[in-house]
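Some notes on the structure that comes next.
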Amino acid sequence: MFGGSGLFSFPGSARRRSSSSSSSPAPAPAPAPAPAPAGLDPMSAFFVAQQQAAFEHYSSAHAAGRPASEPPAPDASSLFSALLTSIGGAGAGLAGAFSPQPDAPAGPPPASKRALRSIPTVTIAPEDLADEANRECCVCLEENAVGSRVARLPCGHLFHGGCVRKWLESHGTCPVCRWELPTDDEGYNRSRRERMRGRKQRFHP
């Protein structure tokens with residue numbers, strides 16, 4: 001008398017069970033984005049493209065039935081490029097200023113052979129080490145000792161001869177204070193003389 005599926009069942013419970021066990025309806029498809037108008041300026045085209053990318057991001061989450069995260073941030077370089085293009089010729093000049101210049105020198109040119117030959121070798125005296133920068137060769141970081149033979153640049157800084165010559169063959173400036181030595185580049189030498197005009201040479205070869 002208690003058999004079958006009617007045990008402890010109540011009217012309407014079967015309906016409630018069947019309705020609760022049915023799957024949820026699939027989410028309605030998201031509306032398609034409006035096509036971008038033709039003839040947009042670069043900035044407007046950039047923002048339309050960002051809106052379309054965000055729409056695709058949210059639509060894919062909607063179709064998968066999952067919550068959507070924030071869409072990826074726009075690419076800063078693309079935004080900058082669009083801005084410069086939009087403002088015309090001035091923007092093109094700015095774009096060139098920020099573009100890599102493969103032919104631009106990485107730093108000062110090497111010191112000239114004559115400048116290298118004129119660097120004197122001196123014996124370190126106690127007063128030379130009063131300048132903290134002279135207490136070690138800042139190229140190899142070994143300590144300088146009274147009585148050692150070292151190279152002295154016109155700015156007065158001391159280095160091991162081999163260390164500083166190797167440095168100056170790549171960069172014609174003092175490793176400590178950026179005192180600029182003459183180079184074989186006449187154009188650079190002209191600007192060098194202007195820059196060095198206010199600096200006092202402490203030692204003459």
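Within 10 Å, count the other beta carbons around each residue, average over each peptide in 152-158, 181-187, and list them highest first.
Working: 152-158: 21.3, 181-187: 15.6.
Taking the mean over residues of other Cβ atoms within 10 Å, the ranking is 152-158, 181-187.
For region 173-183, the Karplus equation 6.51 cos²θ - 1.76 cosθ + 1.60, evaluated at θ = phi - 60°, returns couplings of 9, 4, x, 8, 10, 6, 4, 9, 8, x, 10 Hz by residue, with Gly and Pro reported as x.
Could you calculate the contour length gain from residue 66 to residue 149, that is, 0.36 nm times the residue separation minus the distance between their Cα atoms, to one decimal place in nm? All intermediate terms of the calculation are to be shown ahead of the outcome.
Working: separation 83, 0.36 × 83 = 29.88 nm, distance 7.52 nm.
Gain on stretching residue 66 to residue 149: 22.4 nm.
Amide hydrogen proximity for residue 171: with H placed 1.01 Å from N in the peptide plane, the residues at 5 or more positions away or on another chain lying under 5 Å are 111.
Value of Rg to Rh for region 113-196, rounded to two decimals, is 0.99; Kirkwood radius and Rg both from alpha-carbon coordinates.
The numbers here are math on the coordinates, done by the rules we state, and not lab data. What you are looking at is a predicted structure, and each value in this text was computed from that prediction instead of being measured. Cβ sites come from the backbone with ideal geometry, for glycine too, and all protein chains shown count toward neighbours.
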